[in-house]
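Notes to accompany the following structure.
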Amino acid sequence: MKERLKNFHHSAVFICLVLAIVLDVVLEALGRHSLFKAISYVWSQPLIFLYNCSIIFFTLTLSLLMRKRIFGYCVISFAWLILGITNCIVLGFRITPFSAIDMLMARNTITIIDKYFNVWQIVLIAALLFVALAAIIVLFIKSPTVTGNIYRTRTTVFIVATFFCVMLFTKIALNAQTISDNFANLATAYNNYGFVYCFSNSVVDVGIGQPGDYSEDKMLEIKDDLDSVGTTDSKLGKDKPNVIFVQLESFMDPSYVKCLTFNENPIPNFTKLKEECTSGFLTMPAIGAGTDSSEFEVLTGFNVAYFGAGEYPYKTILGKQTIESMATQLKLDGYSTHAMHNHDGTFYDRYKVYKNMGFDTFTPMEYMYNLEHTQKNWEKDNVLTGEIMKTLYSTTGRDFIFTVSVQGHGRYPSELDEENYSYPIKVAGTGDESLDTQWTYYCNQLHEMDDFIGKLIDRLTAYDEPVVLVMYGDHLPGFEITEDDITNGDLYQTEYFVWSNMKNFPVEDEDIEAYQLSTKVFDMLGFEKSYVQKFQSKYKPGYANYDDDLENIEYDMLYGQRYMYPDGWPYEPTNMKYGISKIRISE
């Protein structure tokens, strides 16, 4: 028996190699929801497949330093399988695959797990995790122990050599453009380059790397160029209208989905407003998830693409770093600045981030009364009308209000609770009764969100101060649709409109990027702009140095020496208050 064990462990490297190949096939099958698609990927991309295997192989070689090697093989393999299964589950709820940044959302995910799984599913998951933990403990106890000299020095040299080989393979593959470390579309990257590489890249690729041409001279040159950018000749801003931005969760015009039919238009108010007001398509940085990335681009004018793959800046840098934003800019013009969100105030760390973005107050759901909930227990948007009006009346001066809604959030159920909720919008056409039901549920949420839009417009029309209202969808909903399934042919496009109660407000339709929206509104009003807005106003995507200059600006403000601010960084965290009304204990 001992001789057989000895021979078995002498073949440890071979075991690691076989395990790496098997694991990668399983991980790809989980990520593609199909073993056939995984095999097709291996056949069509053998070099990328082997490269992914090399990463797994490196992690498995760490077990060679352990005397209980079988335990090491199993634990490392189990860790990869947990990641693969998590990715499989995540892709069942959204289009964006699982990345390392999602692990920072674990605390928030626990608070909303009941919206995605029923009680028995949660119990089953907990039971499986308990069984897995128990199995690991038993495995550790029962695993045979390698006796004698395990040559740790040689093994360490081998592991280090394996690591440098993986790094060399990565460099060669990047130079040959076989893989890429710039993931414009995370889902496409996972599909093309494999789960293992993309997930591993998301672990190490965080923040904005220093651009190769970053220097004090370059940043001062950019500063001098932008200092010459003035305001537009619009006179609309002379009365300092109240400015309200409303980001609508998973909001889209469902008539763009080719196969769907409706008994009536689910969003009549939005349809009417986008036809009458300034409107257009808005290209967002995310699909099916990533709300904070959308609001980050709108609030700051920054392009999130320069950050790490799948990174949420709210979870990495903005909780500890101030930033230039619409709020900081409007505060310079005397505005009071308010944020509100009809969901948990800690979600995406907004309770930290909004201080660093220049907001005076933040009203999360914890400070809202008379909340109503959807069948999936998301907070309905109808509460926001009163909260917005209350905020406007709370100050004597002008207000900037940034609102994030939540009602349209997935997951969408395949059964309707018609005893407790009404579903006037009927949807058909997918060819799948369960999917038709999910679309019916979603479109009825849209219908209620659209009713909120109409009622807010009515209240603002009667309001006695000038108001500019901007509304837009943060990303498409988490249905498995392709670009061929929608008439506009772009899964990253939502829509926006700009409405005002001021007379002769212009109509300037334009399709733009999310990070250009605030600049467009400021230019329409003739407002003084921030540095990033000045850049977005003067230069458009397609300009030769657009990406390079914008990346340098973003790096300089968040990670660099802030050469553009020779007199010192002007932004400090605000003493942000929660809610608008003073809270008193009466008894």
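Points worth noting:
- Bridgeable lysines around Lys426 (alpha carbons under 30 Å apart, same-chain partners fewer than 8 residues away excluded): Lys115, Lys258, Lys272, Lys274, Lys376, Lys380, Lys455.
- Prolate/oblate/rounded call for the stretch 216-323, Cα gyration tensor, a/c under 1.5 rounded: oblate
- Values of log10 I(q)/I(0), in the order q = 0.15 Å⁻¹, for the stretch 334-438 under a Debye, Cα-only, solvent-free model: -0.73
- Three-way shape label, the stretch 435-587, alpha-carbon gyration tensor, a/c 1.5: oblate
- Sites Glu508 and Lys171 - FRET efficiency at Förster radius 41 Å, r taken between beta-carbons, to 0.05: 0.30
- Within the accessible surface of the stretch 241-297, defined with a 1.4 Å probe on protein heavy atoms only, the carbon and sulfur portion equals 51 percent.
- Cβ-based charge dipole, the chain, positive-most Cα from Leu476, Met524, Tyr51: Tyr51
- The chain, dipole about Cα centre (Lys/Arg Cβ +1, Asp/Glu Cβ -1), debye to the nearest 20: 3120 debye
- Candidate lysines - alpha carbon under 16 Å from Lys331, same-chain residues fewer than 8 apart omitted: Lys238, Lys240, Lys355, Lys529, Lys577
- Loop sites in the stretch 223-281: GluC sites (Glu not before Pro), DSSP, at most 15 other Cβ within 10 Å: Glu264
- In this structure the amide hydrogen of Tyr578, modeled in the peptide plane, comes within under 5 Å of the amide hydrogens of Phe362, none closer than 5 places in sequence on its chain.
- The calculated Kirkwood hydrodynamic radius for the stretch 187-276 is 20.2 Å, given to one decimal from all distinct C-alpha pairs.
- Computed per residue of the chain from DSSP H runs no shorter than four, each worth -39500 (n - 2.57), the mean residue ellipticity at 222 nm is -14500 deg cm²/dmol.
- Relative frequency of Cα-Cα separations exceeding 14 Å in the stretch 42-82, percent: 52 percent
- Highest to lowest packing among 567-576, 213-222, scored as the average C-beta count within 10 Å: 213-222, 567-576
- Taking all protein chains together and rolling a 1.4 Å probe, Phe14 ends up with roughly 130 Å² accessible.
- Rg [Å, one decimal], Dmax [Å, integer] - the chain, C-alpha atoms: 26.5, 91
- Sorting the segments 539-547, 288-296, 450-458 by their residues' average number of neighbouring beta-carbon atoms within 10 angstrom, most packed first, yields 288-296, 450-458, 539-547.
- Counting every pair of alpha carbons in the stretch 259-384, the share spaced more than 17 Å apart comes to 69 percent.
- For the stretch 324-437, with +1 on Lys and Arg beta carbons and -1 on Asp and Glu, the positive-most of Ile401, Thr346, Pro424 along the dipole: Ile401
- Separation of the Phe164 and Lys577 label points, Cα + 7 Å toward Cβ, nm: 6.2 nm
- Positive-end residue, the chain charge dipole about Cα centroid, Cβ charges, pick of Thr155, Ile323, Ala187: Thr155
- Nearby aspartates and glutamates by direct alpha-carbon distance to Lys503 (threshold 16 angstrom, same-chain neighbours under 8 apart not counted): Asp239, Glu276, Asp458, Asp464, Glu465
The values are calculated or read from the model by the stated rules, or taken from the named source; none is laboratory data. The shown structure was predicted, so the numbers you read here are calculated from the model rather than taken from an experiment. We place every Cβ from the backbone using ideal geometry, glycine too, and count neighbours over all the protein chains shown. The protein model used for the area step is the full one, side chains on, heavy atoms only, and it has no ligands, DNA or RNA in it. Shrake-Rupley method; radii C 1.70, N 1.55, O 1.52, S 1.80 Å.
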